[in-house]
Amino acid sequence: MLRIEKHGPITVFRMGRHVAANRRWVLYETHAFLIDETMIDTGTIAVRREWEPKMDGCRCSAIVNTHHHEDHIGNNRLLQDRFGAEIFAHPGALAFLDEPRNIGMQLYRRVVWNLPDRSRGRPIGETVATSRRMLNVFQTPGHCPDHLCLYEPVNGWLFSGDIFCGKRVVYLRADEDFNGTLESLKRLAALDIRTLFCGLKGVVEEGGRALKEKIRGMEEIRDRALELREKGLSPREIRRRLLGYEDRMYYITSGHFSKQNVIDSILGKG
């Protein structure tokens, strides 16, 4: 599934994989954004065949990857071959672009996203210049060490990759850092953010408010988890008290996404 929409001067690419014959059910969605001639993330390679015929009339001279995960670099090679676009990313992401097999994808990730093709990237600087705008680059580790965000100060646009992904935290990947994410969000919250362009949620209006709501929710979970540990509860008991029992997300991903990962990351386990 690939849907292309306009949000003012920004083109939004919404994509995901169909899982039913009637093509109504779509697995976990992701988004990419074209601002002027610069593409921020390229989504999943699972939609490559849908994307190819829709590129006529498009211009893309540069790509910025917010991080190295397969649902954000999936069409790098397609756009690089078609337009000669230069790719920019955190230095820590470049080896994964060059050899995506090093990402270490679990089975569910291969089913949902597929393995990206190899692409060639360069280290990103402190700013990214499009034909009309200047974007400031912020290092925002937490979701992964090479995560970054782009901020356009005139309009208050934040291209947030996967550092936001909704106001509530219920699940966490096994390799995510809860406290690192929280610190990155706090740094971003100091900006004048009007609209979030989120890898998962797409366009989020009143983005600054949404970001602060997420921070408050994360702080509440953190403080309560630490309080319950002081009272002698085990990490498993804390998870049940605060987040409930594991559900289908845990079983579908074989525990890679889980509620327990939230508590363990807060407490510094693993």
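Observations on the model:
- Note on residue 226 and residue 206: the extension gain reaches 4.1 nm, defined as 0.36 nm multiplied by sequence separation minus the Cα-Cα distance.
- Cα-centred dipole magnitude for the chain, charges only on beta-carbon of K, R (+1) and D, E (-1), debye, nearest 20: 740 debye
- Potential lengthening between residue 55 and residue 168 on full extension [0.36 nm per residue; Cα-Cα distance subtracted]: 37.1 nm
- Distance between the C-alpha centres of region 249-269 and region 178-198: 22 Å, rounded to the whole angstrom.
- The fewest-to-most ranking of 134, 39 by surrounding Cβ atoms within 10 Å reads 134, 39.
- Label assignment, Cα extents along the principal axes in Å derived from the structure, set [x] 61, 44, 34; [y] 60, 40, 33; [z] 55, 37, 31: [x]
- Sorted by Cβ density within 10 Å, fewest first, the residues 60, 144: 60, 144
- Only one residue of 11, 260, 102 has its Cα farthest out toward the positive end of the dipole of the chain, where Lys and Arg carry +1 and Asp and Glu -1 on Cβ, and that residue is 260.
- Lysine-lysine proximity count for the chain, Cα under 14 Å, sequence distance 8 or more or distinct chains: 8
Each reported figure results from applying straightforward, stated rules to the coordinates on display, with no laboratory input. Bear in mind the structure is a predicted one, so any value in this text is a computation, not a measurement. Virtual Cβ from ideal backbone geometry, glycine too; neighbours counted across all protein chains shown.
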